[in-house]
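Here is the structure we will look at, set down as structure tokens.
The values are calculated or read from the model by the stated rules, or taken from the named source; none is laboratory data. All values derive from a computational prediction rather than experimental measurement. Positions of Cβ are backbone-derived with ideal geometry, glycine not excepted, and every protein chain shown enters the neighbour counts.
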Amino acid sequence: MTNIILCGGNGTRLWPISRTLMPKQFVKLFDGRSLFQLTLKRNHKFCDKNLIVSNENQYFLSMDQLEELQSDQSSLTSDFLLEPIGKNTAPAIALSCMALESDEIVLVTPSDHLVKDEIEYEKILKKAKESAQENNLVTFGITPTSAETGFGYIQAKPENNECSVFNVELFKEKPDLKTAKKYIEANSRFSNINSQLFFWNSGMFMFKAGVFLEELQKYSPKIFDTCKKAFENKKIQNSTLRIGYSYMESIPNESIDYAVMEKSTKVKVIPSSIGWSDVGSFDALFEELPKDNNNNTVNNKHIAINSKNNLIYGYDKYIATVDVEDLIIVDTADALLVSKKGSSQKIRQVVYELKKTTQLHHVHLTAHRPWGTYTILEDTPGYKIKRIVVKPGKRLSLQKHFHRNEHWIVVSGTATVTVGDKTKLIRPNESTYIKMGEVHRLSNEGIIPVILIEAQVGEYTGEDDIVRIDDDFHRD
């Protein structure tokens, strides 16, 4: 069985923790592990291999976090399918299934969901696999615990008196509160095989790769045909499949629900009480984090005076609260969020406003790159100062800039610097200067990280003032 892990999504409702270049699935929220890492570990027990679907930026985050897990589980390896642009879940799953044998059973999971009851999870996977082997398309219906308006619902009837597998009647859009309450009331009246239940739509699936592709071709032939053409023209490098931009651009943007699940007659749903959460908002995150005696989230730098029921996130500065309750306070290096609990769904509106004037929705002060990281220490008109860390054996692209000069001062490690046709070693407390327009490259040929301070001076110091001439990571 193959675990197809979908890494798309930006997690805008968890801003400022989650940004475009560091979405929520890669933020280490749970005992030093990210949701992505927890997904890998959880499904590694049941799946022979992983196929991770991501974009270029998330690819390197995935690789870094996969390497961390491999220090404990060396057998945990993954193949990758890289999409140049996202086109929703139906194309992502279709392209993945085209890379597998027709009778291979796949477990499709988002990378950003939490499952706490792994004993029950193992049981429902076993039931799902039995149904998938009978050529069904299986989805996992989460047993609702409240009237939620943020989830889609599945209306279903039991397949038999055991009530362990249900036939799907209808997929329901995200309802208003009144409708969601009706669903919960209907569930309370459930009695036998003639009754109906409503489940939250988890976005997890299991089926044979070939069966899914047959149903996709039957009900959404344009998606199937364009995906097939894109896959036939893929590029393969090691264990990574790369889809070309022009081919991906031609594929319709559609979810698996609309493309297949709402139309197929082969859909089954497995009732799943597995301690599931999509951690889709700070209100949801609050429920999953450990609490102190006053029901505040545990934080060693939080001083609480007569304060209770608060989510406090931030570890760089002390956060003191006095006579407050039911607040969400999230502090990062470059942004502070204060919200009432119950209002965190509105954070998307904040992100919408940020996009008009800043890059705060896009990247943290520390940005992750395939070669390491950079941290912006100061950014003012005319100059920018960064702390750059280059991992052993890695190098930046061969590049040039049209609007800035750069000064590099090595703090730790030994940097190999190429400027024009000259290459030299720069050691700690030594520096070099790159003039505007000069072709240059920074490499770390040593066994410890290279740490340096970069001062950029010029009229424009944006990240898009980079012309890549050659790049080990195949970026544009």
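Using the structure shown, decide if L425 is at pLDDT 95 or above, surrounded by 15 or more Cβ atoms within 10 Å (Cβ to Cβ), assigned to a strand (DSSP E or B) and not β-branched (V, I, T). Taking the combined requirement at face value, the residue does not satisfy it.
Inspect the range 156-165 for any residue being more than 17 Å from S264 (Cα to Cα) and either under 24 Å from the mean Cα position of the chain (by Cα) or assigned to a helix (DSSP H, G or I) (or both) and give the result as yes or no. There is no residue in the range 156-165 that is more than 17 Å from S264 (Cα to Cα) and either under 24 Å from the mean Cα position of the chain (by Cα) or assigned to a helix (DSSP H, G or I) (or both).
Rundown of residues vs (1) at pLDDT below 95; (2) farther than 16 Å from I17 by Cα; (3) of a type outside the set (G, A, S), yes/no style:
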position: H302; (1), (2), (3): no, yes, yes
position: I305; (1), (2), (3): no, yes, yes
position: L311; (1), (2), (3): no, no, yes
position: G314; (1), (2), (3): yes, no, no
position: V330; (1), (2), (3): no, no, yes
position: V338; (1), (2), (3): no, no, yes
position: G342; (1), (2), (3): yes, yes, no
position: Q345; (1), (2), (3): yes, no, yes
position: R348; (1), (2), (3): yes, no, yes
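Contact map, the range 187-198: residues that are over 19 Å from E148 (Cβ atoms) paired with residues that are at pLDDT below 80, Cβ distance under 6 Å, separation 6+ or inter-chain. Pairs shown: I193/N161. Just one of (1) farther than 24 Å from L14 by Cβ; (2) of a type in the set (V, I, T); (3) not in a helix (DSSP H, G or I) fails for I274. It is (1).
Could we say that Y59 is aromatic (F, W, Y), more than 20 Å from W200 (Cβ to Cβ) and in contact with a strand residue (DSSP E or B) (Cβ under 6 Å, 6 or more places away or on another chain) here? Yes, satisfied. Out of E459, E438, E463, E406, one residue alone is exposed (fewer than 14 other Cβ atoms within 10 Å of the Cβ), of a type in the set (D, E, K, R), out of contact with any Cys (no Cβ under 7 Å at 6 or more places or on another chain) and in contact (Cβ under 8 Å) with a residue 24 or more places away in the chain. It is E459. Select from the range 195-251 the residues that are of a type in the set (D, E) and surrounded by fewer than 21 Cβ atoms within 10 Å (Cβ to Cβ) and list them in ascending order. Scanning the range 195-251 gives E214, D225, E232, E249.
Checking each residue in the range 355-367 for being touching a residue at least 24 places away in the same chain (Cβ under 8 Å) and outside any loop (DSSP other than H, G, I, E, B) picks out T366, A367. Residues being of a type in the set (A, V, I, L, M), surrounded by 15 or more Cβ atoms within 10 Å (Cβ to Cβ) and in contact (Cβ under 8 Å) with a residue 12 or more places away in the chain are entirely absent from the range 368-383.
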